[in-house]
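Have a look at the structure below, then the notes.
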């Protein structure tokens with residue numbers, strides 16, 4: 001598969017992953033671009049030991065982690081409001097929904113980096129345990145235990161009861 005095909009097939013997923021990590025559309029766009037610059041350079045060395053998607057997500061994770069280390073702390077910037085296309089009856093419902101989403105995103109953004117990575121990949125991007133392990137360079141058991149601890153922390157921060165959900 002060539003670089004252009006990889007970009008068209010996976011760039012939306014990469015952007016979403018990075019956006020959930022940094023909470024800023026402009027920064028996510030820049031980091032997605034940086035990810036694909038690295039993908040293009042590394043493509044001749046791709047060995048096929050993992051899927052293209054998990055390989056690219058691991059590159060995106062490294063690019064994002066490098067950015068976060070340089071930046072030290074990123075202030076959460078909320079999603080843009082898209083209320084202009086809603087009828088007036090639905091605006092209040094949408095505002096409540098967006099406030100809830102923003103609260104979850106704020107809490108995820110404030111989790112430690114490993115928790116944030118695993119929640120975004122497992123629960124938001126819906127990668128399997130094995131795909132997440134490949135993308136993060138972890139064992140499957142570490143993915144499962146970290147997902148469990150991350151979800152417990154997320155529930156605690158959001159004041160949700162434990163529903164006994166597994167990793």
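FYI, it's all coordinate maths here, none of it is from the lab. What you see is a predicted model; the values in this text were computed from it and never measured.
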Q) Can you give me the relative contact order of region 1-77 as a percent, contacts being Cα pairs under 8 Å and 6 or more apart? A) 39
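Test of understanding: what is the full-extension gain from residue 62 to residue 149, defined as 0.36 nm times their sequence separation minus their Cα-Cα distance?
Values: separation 87, 0.36 × 87 = 31.32 nm, distance 2.22 nm.
Between residue 62 and residue 149, full extension yields an extra 29.1 nm.
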Q: In whole angstrom, note down how far apart the Cα centers of region 1-52 and region 98-127 are.
A: 19
Q) By how many nm would the segment from residue 46 to residue 113 lengthen if fully extended, with 0.36 nm per residue of separation less the alpha-carbon distance? A) 21.5 nm
Q. If the convex hull of the alpha-carbon atoms of region 1-77 is projected onto planes in all directions, what is the mean projected area in square nanometres?
A. 4.9
